[in-house]
């Protein structure tokens, strides 16, 4: 019941505060657009540095098809520009994401916590730096999983694709689970960091303690939002496949436009779910900080004094009548 209350609080906040959702969408999409422009500009600048001879150009225009692939590989082979461009673009995206996530998370939590003053940026900066580092480590882990899977699949005579797939899926799943769990605690640590202004590692410890005190509530919220996200992803995937199936019946521009609209609608819905989940976590944190009501015992009343015992009065005989003693005698 308490977990359902925090989930309903999260959805209620997301519906009642649309500016928070719009701010999250603006922050995420601005970074995505900037990163996409940077990558595209770097890629086209890299293509301008390539030099193709007459033989490569003839192979690109001719047949058989395998000559096209061979010519493209020959053009790209030995060019150091790609490594140089990656060495510049990837750190730039790294820094851009940390800056955007730090400012955006501080603004979002300030609105959710209804704080009057500013939220300290230094703990948020540290948490987002660790999140970006964990993501970079996960990418390196996926590359290492692919290398290990390739070595395991390389037989003496041929390559065994089944072994490669099995090893890569197992190692990739392990990397994904570790990265997801660590990133979740880093995201949760942003709440005590914004609430108390503590440093990065203290915020992580506070997040771990909060989870230990309320594991069922966090598990219930995560299950509900994760299920909704999965259903939404499956629905958008089916709609995209239906749009692609109609590609031969409509103009290509209409197909691209429809796919773009579906993708943007999916991203907007995911951002809405993210704000609702974050608001649910804030509700759990607020209830954890609220002291439980203390039952006040009723004041003890003084004991009621017993009525005083009346002295026994001897019987008095009326005049002219014998006393009870005389009557009995």
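Where a number appears in this text, it was derived from the coordinates with a stated rule and is not lab data. Keep in mind it's a predicted model, so treat the numbers as computed, not measured. All Cβ positions, even for glycine, are placed from backbone atoms using ideal geometry, and neighbour counts span all protein chains on display.
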Please state the relative contact order of the stretch 120-212 as a whole percent: Cα pairs under 8 Å, 6+ residues apart? 38 percent
Which of the peptides 33-43, 125-135 is most tightly packed, and how do the rest follow, judged by the mean count of other Cβ atoms within 10 Å per residue? 125-135, 33-43
How would you classify the stretch 120-212 from its alpha-carbon gyration tensor, with a ≥ b ≥ c the square roots of the eigenvalues: rounded for a/c under 1.5, else prolate if a/b is greater than b/c, otherwise oblate? prolate
At what distance in nm do the modelled label points of residue 114 and residue 45 sit from each other, each positioned 7 Å from its Cα along Cα→Cβ? 4.8 nm
Please sort 183-190, 23-30, 245-252, 208-215 by packing, taking for each peptide the average over its residues of neighbouring beta carbons within 10 angstrom, highest first. 183-190, 23-30, 208-215, 245-252
Based on Cα positions only, what radius of gyration and what Dmax would you give for the stretch 138-189, in angstroms? 14.0, 51
Sorted peptide list for 87-93, 117-123, 103-109, 274-280, criterion being average Cβ within 10 angstrom, highest first: 274-280, 103-109, 117-123, 87-93
